[in-house]
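Asker: One structure follows; several queries about it will come next.
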Amino acid sequence: MQEDQNKQTEPTVTPIEENEEQGVEAKIAELEAALEEAKASVLYVKAEGENIRRRAVDDIDKARKFALEKFSGELLAVKDSLDAALSIEATEVQSYKDGVELTAKQLSSVFEKFNIAEINPVGEKFDPNKHQAISMLENSGEPNTVTSVLQKGYTLNDRVLRPALVMVAK
């Protein structure tokens, strides 16, 4: 009888329970595989993001280093013209004047190419954003009007590089 009691206390596994247990184990294995795949995907995305960030930093550094490369190349032609003018043996004033005019045209061409504009505000209203008043003249015309320019100003893409030094009517 003890054997009968032992048999009764021992749990018996039915084929249905065995299939359920195998199904649960398969589901756990499937979920573990999906978790590993998700971990690998996260690591890949993280590495890709880091690569993009590193490339962007490199691009910004290169842009900073070589931002003036084209402008500098254009200015070399102006420098060459000035050097040529200084090496001329003939000391005629007219030849110097012609050379300086040609060089000024080259420089103006470079400025135009790179959107550097001249500020020459004679007769315009005084604008503290573009002009720097050196002095005010009594009875020189309409008040707050630029009467003369002592030094031209310049803008780069509509941003002031250097304000014009001006005299303003009081």
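Asker: Could you please let me know if Ser140 is farther than 27 Å from Val110 by Cα, among the hydroxyl-bearing types (Ser, Thr, Tyr) and either assigned to a loop (DSSP other than H, G, I, E, B) or at pLDDT 90 or above (or both)?
Answerer: Criteria met by Ser140.
Asker: Of the residues that sit in region 143-170 and are polar (S, T, N, Q) and either part of a strand (DSSP E or B) or touching a residue at least 60 places away in the same chain (Cβ under 8 Å) (or both), which one is nearest to Phe71 (Cα to Cα)?
Answerer: Looking at the filtered set, the residue picked out is Thr155.
Asker: When the residues of region 101-114 are narrowed to those that are open to solvent by 90 Å² or more (accessible area, probe 1.4 Å) and in contact (Cβ under 8 Å) with a residue 12 or more places away in the chain, which ends up nearest to Arg162 (Cα to Cα)?
Answerer: The residue in question is Lys113.
Asker: For region 121-137, enumerate the residues that are of a type outside the set (Phe, Trp, Tyr), in contact with a strand residue (DSSP E or B) (Cβ under 8 Å, 6 or more places away or on another chain) and either farther than 30 Å from Glu69 by Cα or loosely packed, with under 15 Cβ neighbours inside 10 Å (or both).
Answerer: Once the filter is applied, which keeps residues that are of a type outside the set (Phe, Trp, Tyr), in contact with a strand residue (DSSP E or B) (Cβ under 8 Å, 6 or more places away or on another chain) and either farther than 30 Å from Glu69 by Cα or loosely packed, with under 15 Cβ neighbours inside 10 Å (or both), region 121-137 yields Pro121, Val122, Gly123, Glu124, Lys125, Asn129, Gln132, Ala133, Ile134, Ser135, Met136, Leu137.
Asker: Also, quick follow-up: Please enumerate the residues belonging to region 60-79 that are free of Cβ contacts under 8 Å to residues at least 24 places away in the same chain and either among the aromatic types (Phe, Trp, Tyr) or open to solvent by less than 100 Å² (accessible area, probe 1.4 Å) (or both).
Answerer: Ile60, Asp61, Ala63, Phe66, Ala67, Ser72, Gly73
The values are calculated or read from the model by the stated rules, or taken from the named source; none is laboratory data. Note that the structure is predicted; figures quoted are calculated from it, not measured. Cβ atoms come from the backbone with ideal geometry, glycine included; neighbour counts cover every protein chain shown. With ligands, DNA and RNA removed, areas are computed over all heavy atoms of the protein, side chains included. Shrake-Rupley method; radii C 1.70, N 1.55, O 1.52, S 1.80 Å.
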